[in-house]
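Structure first, then comments.
The values are calculated or read from the model by the stated rules, or taken from the named source; none is laboratory data. The model shown is predicted, which means the values in this text are computed figures rather than measured ones. Neighbour counts are summed over all protein chains in view; Cβ atoms, including those assigned to glycine, are modelled from backbone coordinates with ideal geometry.
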Amino acid sequence: MAEAIFNALAPEGWRARSAGTRPAGTPNPRTGPLLAEIGLRLPPHPPRRLTPRMLRRADRTVTMGCIDTSACPAVRFPEATVDWGLADPGPLTDDGFRAVRDRICALVLALRMELRPAPRPRTER
C-alpha cells in the first residue's frame, strides 16, 4: 500500500520499493479495493522480502511500525531509517484499514517535502 501511494506522489527521481521481513505470499485482499477508492492500483509484483542489499542501495528507509527487531535488517541501518509507527491494517475493520491508508497518504505528502532535490542516479553495486 505504501509503495503504491508513494510512487503516485513521488517527486521526480524518487521511487519506492516495498519489502517486509516476513512477506505474505499475496497482498491482503482488501488492499487493492481500498487503494482503488483513492484511484491507485497495487504494484504489479508480489510482496518481497527485505534484504540488506536493498537497504544499502536505499537513499531513505521507512518502516511502518511493525518492525521485527529480531529479523529486520533495517535495524542495522538506524541512521537511515524512519519508523512511522503504523498499526498493521490486516486485522482491522475496513474503516481501520482506511485510516491506516489515509495516514500513509499524509505521511508520504510530508516526506515528499523533504525529498528535494532528487537523489543522484544509482549505479549497480
Return the pairs, sorted by first residue and then second, in which the second residue is of a type in the set (V, I, T), the first residue lies in the stretch 103-125 and is modelled with pLDDT under 90, the beta carbons are less than 6 Å apart, and the residues are 6+ apart or on different chains. none
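Restricting the search to the stretch 88-102, which residues are of a type outside the set (A, V, I, L, M, F, W, C), part of a helix (DSSP H, G or I) and touching a residue at least 60 places away in the same chain (Cβ under 8 Å)?
D94, R98, R101 - these are the residues of the stretch 88-102 that are of a type outside the set (A, V, I, L, M, F, W, C), part of a helix (DSSP H, G or I) and touching a residue at least 60 places away in the same chain (Cβ under 8 Å).
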Tell me which residues, restricted to the stretch 1-25, are buried (at least 16 other Cβ atoms within 10 Å of the Cβ), small (G, A, S) and not in a loop (DSSP other than H, G, I, E, B). A2, A4, G20
Identify the residue in the stretch 26-56 that is polar (S, T, N, Q) and part of a loop (DSSP other than H, G, I, E, B) and, among all such residues, is farthest from M113 (Cα to Cα). T26
